[in-house]
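Inspection log for the structure reproduced underneath, given as structure tokens.
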Amino acid sequence: MNLPNKLTMLRIIMIPLFIVCFYLPGAWTLGTVNGVSIQLKYVIAAVVFLAAYVTDTLDGNIARKRNLVTDFGKLMDPTADKLLTSTALIMLCRFEVMSTGNFLMPVFTIIIIARELFISGIRQLASSKGIVIAAKPIGKAKTTLQFAAILVTLACGQLFRAIGVPVDFILICAAVALTIWSGVVYTI
């Protein structure tokens, strides 16, 4: 197993660690701002999420630069990405981390996961007919915006709630909109 594939597997292994962060003791707080307790566990989850995302960037760059692209990597890299993102969204549904609009997280999560499954199905169907649907810039932008929205929500959602500025909510709404748009582009 080459280095890019090991990094992909590391990303998958980091998912349970990411989940555990949400169950760390609530007594670990960074402080209170305007009556909102800023819990360290979400900041730790953000750091784990960031580290996992860095492995995604590294494995792709290393695989292309060193000509280490494998069938395993082609399959597992996007799978690891979808698992990480889906897990993060599901955990955000369970724990009210977002500054506002937490009741919408299940809807956002369903839209994002449904788009991923639908486009994966389209890619499989096309592949069975010998057609390769390459990643498009809009798909990469969607992935980056989803990552940023999740990271900002984890790291700062509580702070944004305390100061009444829903930057994280706006980012997640933008990520959902771009997810839908990119899904339409890939479908067409």
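Details
- V33 long-range amide H proximity, modeled H, under 5 Å: I38
- Within the stretch 1-90, the chymotrypsin sites (Phe, Trp or Tyr not before Pro) that combine a DSSP coil assignment with at most 15 other C-beta atoms in a 10 angstrom radius are Y23, W28.
- Of L84, V36, F160, farthest towards positive along the dipole that unit charges on Lys, Arg, Asp, Glu beta carbons give the chain: L84
- Exposure of T100 as accessible area (Å², to 10), given a probe of 1.4 Å and all protein chains: 60
- Only Lys, Arg, Asp and Glu carry charge here, each on its Cβ (+1 for the first two, -1 for the last two); on that basis the stretch 1-108 has a dipole of about 220 debye about its Cα centre.
- Exposed loop sites here mean trypsin sites (Lys or Arg not before Pro) with a DSSP loop assignment and at most 11 other beta-carbon atoms within 10 Å; the chain contains its longest site-free run at 1-65.
- Overall, the chain carries a charge dipole of about 460 debye about its Cα centre when +1 sits on the Cβ of Lys and Arg and -1 on the Cβ of Asp and Glu, all other atoms neutral.
- Largest to smallest accessible area among D81, D168 [probe 1.4 Å]: D81, D168
- Rolling a 1.4 Å probe over the heavy atoms of the protein chains gives the chain an accessible area of 52 Å² per residue.
- In the context of the full protein assembly, L50 retains an accessible surface of approximately 80 Å², using a probe radius of 1.4 Å and ignoring ligands and nucleic acids.
- Projecting the Cα atoms of F118, G130, Y186 onto the charge dipole of the stretch 110-188 (Cβ charges, centred on the Cα centre) puts G130 farthest toward the positive pole.
- Of the solvent-accessible surface of the stretch 1-141, computed with a 1.4 Å probe over protein heavy atoms with every protein chain present, carbon and sulfur atoms account for 68 percent.
- Taking Cα centre as origin and charging only the Cβ of basic (Lys, Arg, +1) and acidic (Asp, Glu, -1) residues, the dipole magnitude of the stretch 91-188 rounds to 340 debye.
The values are calculated or read from the model by the stated rules, or taken from the named source; none is laboratory data. This is a predicted model, so every value here is computed, not measured. Quick reminder, even Gly has a Cβ in these numbers, built from the backbone with ideal geometry, and neighbours come from all protein chains shown. Quick note on the areas: whole protein, heavy atoms, side chains included, nothing else; ligands and nucleic acids left out. Shrake-Rupley method; radii C 1.70, N 1.55, O 1.52, S 1.80 Å.
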